[in-house]
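*Asks:* Below: one structure in structure tokens.
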Amino acid sequence: MNSAAQKEKLTLLDAQLDRLTNIDIGQRGVEHLSAAARGRLVGQSPVGAAASMIQDLENGSTVLLTTGSPSRAWVSPTIGENDGPAGAAVLARALSLGKNIHTVVVCEATLIPAISAIFTAAGLSVLPFDDARRAVADSSLAVASFEPFPVTDAEAHAAAEGFLNRIAPALLISTERVGRATDGVYYSMRGIDYGMGRSRIDILFEYAMARQVKSVCIGDGGNEIGMGAVADAVTRHVKFGEKICATTSCDILVTAACSNWGCTAITAALAARIGKYEILHTPELESRLLHRGVDVGLINSMDNVVDANVDGISAQTHLSIVQFIHELTARYLKLKKNQETSSTNSL
């Protein structure tokens with residue numbers, strides 16, 4: 001496959017991943033948000049752009065990733081939702097196995113036990129920061145670290161610079177992480193104040209972006225960190241959009257009907273670029289992660305229950321989306337390998 005043909009096939013794969021993951025099964029208006037996100041990139045695929053940004057990172061880099069939502073903090077700050085952690089774990093696994101990258105997950109102290117269990121189920125050793133850096137230095141383990149961040153504005157502003165100096169991230173990634181709206185409130189999709197017990201990680205992101213650290217954000221509803229990049233589309237096409245839209249922007253916004261799908265799509269696009277079939281997400285791993293979420297009490301926040309469905313979408317549908325993404329990307333990788341073998345044999 002010559003370089004022009006390979007680029008064309010990769011562009012097609014990126015576009016397919018964008019379309020598949022933005023099928024608006026929840027009728028939230030996400031297809032409009034996808035179009036706006038693509039428009040910011042002058043028609044380039046957001047999934048492809050995110051994967052390329054990750055591909056360009058130096059091996060052994062540190063990535064700051066945030067996910068997790070304390071969804072019923074007025075009941076207990078330990079209650080988190082199941083959209084976000086599974087996708088984040090899939091992406092962190094791909095970063096580690098594909099690029100030997102150290103992912104530092106930032107979230108509420110109250111959610112670290114549950115979310116870290118999802119990362120362990122994805123095959124990652126969850127270690128303190130310094131231990132994880134040693135593992136990355138000799139490529140001896142697939143690792144991730146967890147760090148809590150303050151839950152008040154004043155403490156977040158006071159902590160941000162020191163936190164960034166210590167972690168020194170090469171890239172910021174946020175998935176399914178609520179950001180504050182124009183009135184300073186953190187809203188759910190239903191317009192409910194979700195700020196109680198919530199780490200002010202959007203403040204941390206804004207400090208990092210002021211340092212010119214690049215950012216990739218993934219969201220499905222308009223209230224997530226990064227959605228400030230398409231605020232007009234959120235206001236026009238999302239229910240309660242004018243009220244709930246997050247103000248924090250980003251470099252690359254990846255939208256999806258479910259944020260976990262966006263992470264899976266980025267992982268697939270990265271696998272296609274670096275030629276590593278082994279980092280692809282699988283239905284078997286998806287099932288393990290969703291059921292591990294049940295074990296640790298993460299909730300399906302649309303239906304207010306602990307189960308393996310996510311955002312009110314059946315677990316089987318999530319497995320099917322993962323299988324579809326896997327099949328599309330595996331076929332691309334097989335074609336690429338066959339063409340490269342054919343080119344080598346013809347020399």
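Bear in mind that the values in this text are calculations on the coordinates, not laboratory data. Just so it is clear, the model here is predicted, and its values are computed rather than measured. With ideal geometry, Cβ positions are generated from the backbone for all residues, glycine too; neighbour counts draw on all protein chains shown.
*Asks:* Looking only at 179, 48, 312, which one moves most when the chain is put into a Gaussian network model with springs between Cα atoms under 10 Å?
*Replies:* For the chain, modelled as a Gaussian network with Cα springs under 10 Å, the answer is 312.
*Asks:* Between 23, 201, 266, which gets the highest mean-square fluctuation from a Gaussian network model of the chain, Cα cutoff 10 Å?
*Replies:* Sorting by GNM fluctuation, first place goes to 23.
*Asks:* Return P(r) of region 84-225 (all Cα-Cα pairs; 5 Å bins starting at 0; whole %; ordered from short to long distances).
*Replies:* 2, 10, 19, 22, 22, 15, 7, 3, 1, 0
*Asks:* Show log10 I(q)/I(0) for region 29-144 at q = 0.22, 0.23 Å⁻¹, two decimals, from a solvent-free Debye sum over equal Cα scatterers.
*Replies:* With no solvent term, the Cα-only Debye profile gives -1.14, -1.18.
*Asks:* May I ask for the distance between the Cα centers of region 166-239 and region 93-162, given as a whole number of Å?
*Replies:* Each part reduced to its Cα centre gives a spacing of 19 Å.
*Asks:* Something else now. In region 3-345, what percentage of the DSSP-assigned beta bridges are antiparallel, given to the nearest 5?
*Replies:* Bridges in region 3-345 that DSSP calls antiparallel: roughly 20 percent.
*Asks:* Please give the residues of region 227-265, grouped as numeric ranges, whose backbone N is less than 18 Å from a label point set 7 Å along the Cα-to-Cβ vector of residue 42.
*Replies:* It comes to 251-253, nothing else.
*Asks:* With θ taken as phi - 60° and the coefficients 6.51, -1.76 and 1.60, list the Karplus ³J(HN,Hα) couplings across region 225-231 in order, rounded to whole Hz; mark glycine and proline as x.
*Replies:* 3, x, 6, x, 5, 10, 4
*Asks:* Considering the chain, which cysteines have no disulfide-compatible partner, defined as another cysteine with its Cβ under 4.7 Å away?
*Replies:* Here 107, 245, 258, 263 come out as lacking a disulfide-compatible partner, given the Cβ-Cβ threshold of under 4.7 Å.
*Asks:* Let me ask another. Pop a pseudo-label 7 angstrom from the Cα along the beta-carbon direction at both residue 138 and residue 330 and give the gap in nm to one decimal.
*Replies:* 3.5 nm
*Asks:* Moving on to the next point. Going by alpha carbons, how many degrees (0 to 90, nearest 10) lie between the helix axis of 259-274 and the longest principal axis of the chain?
*Replies:* With both axes taken from Cα atoms, the answer is about 30 degrees.
*Asks:* Could you please state, rounded to a whole Å, how far the C-alpha centre of region 259-301 is from the C-alpha centre of region 305-338?
*Replies:* 8 Å
*Asks:* With an 8 Å cut-off on Cα pairs and a minimum separation of 6 or more residues, tell me the relative contact order of region 3-345 in percent.
*Replies:* This gives 22 percent for region 3-345.
*Asks:* Tell me which residues come under 5 Å, amide H to amide H, from residue 174 once H is placed; ignore anything under 5 positions away on its chain.
*Replies:* Distant-sequence amide H within range of residue 174: 66, 216, 217, 218.
*Asks:* Karplus couplings for region 216-221 from phi (6.51 cos²θ - 1.76 cosθ + 1.60, θ = phi - 60°), rounded to Hz, Gly and Pro as x?
*Replies:* Each residue of region 216-221 in turn: 10, 10, 10, x, 10, x Hz.
*Asks:* Can you tell me the dipole magnitude for the chain around its Cα centre, using point charges on the Cβ only (Lys, Arg +1; Asp, Glu -1), in Debye to the nearest 20?
*Replies:* 740 debye
*Asks:* Once phi is turned into θ = phi - 60°, what whole-Hz ³J(HN,Hα) does the Karplus curve with 6.51, -1.76 and 1.60 give for every residue of region 73-83, x standing for Gly and Pro?
*Replies:* Taking θ as phi minus 60°, the curve returns 5, 5, 8, 7, x, 8, 8, x, 9, 9, 8 Hz for region 73-83.
*Asks:* Right, something else. On a straight-distance basis, which aspartates and glutamates could pair with residue 7 in a cross-link, Cα separation under 16 angstrom, same-chain partners fewer than 8 positions away excluded?
*Replies:* Cross-link targets: 340.
*Asks:* What FRET efficiency do you get for residue 307 and residue 5 if R0 is 56 Å and r is their Cβ-Cβ distance, rounded to the nearest 0.05?
*Replies:* 0.80
*Asks:* Sequence-distant or interchain residues sharing an amide H contact under 5 Å with residue 22, placed H: which?
*Replies:* The answer is 257.
*Asks:* Continuing with the same structure: As a quick test, which of the pairs 214/276; 214/334; 99/337; 214/336; 214/239; 9/239 have an alpha carbon distance above 27 angstrom in this structure?
*Replies:* 214/334; 214/336; 214/239; 9/239
*Asks:* Short version: what are the Cα gyration tensor semi-axes of region 3-345, square root of 5 times each eigenvalue, largest first, in whole Å?
*Replies:* 28, 23, 20
*Asks:* Let me make sure I get this right: for region 19-73, a, b and c are the square roots of the gyration tensor eigenvalues over alpha carbons, sorted descending. Under 1.5 in a/c it's rounded, otherwise prolate if a/b > b/c, else oblate. Which is it?
*Replies:* Since a/c reaches 1.5 but b/c is at least a/b, the shape of region 19-73 is classed as oblate.
*Asks:* Let a ≥ b ≥ c be the square roots of the eigenvalues of the Cα gyration tensor of region 200-347; is it rounded (a/c under 1.5), or, if not, prolate (a/b larger than b/c) or oblate?
*Replies:* oblate
*Asks:* Using modelled backbone amide H atoms (1.01 Å from N, in-plane), which distant-in-sequence or interchain residues come within less than 5 Å of residue 61's amide H?
*Replies:* Residues meeting the amide H criterion: 102.
*Asks:* Along the Cα-to-C-beta direction of residue 190, a point sits 7 Å from the Cα; which residues of region 222-247 have their amide N less than 20 Å from that point?
*Replies:* Zone members listed by number: 222-224, 238-246.
*Asks:* Right, another one. Highest first, please rank the peptides 90-101, 206-217 by the mean number of other Cβ atoms sitting within 10 Å of their residues.
*Replies:* The peptides rank, most packed first, as 90-101, 206-217.
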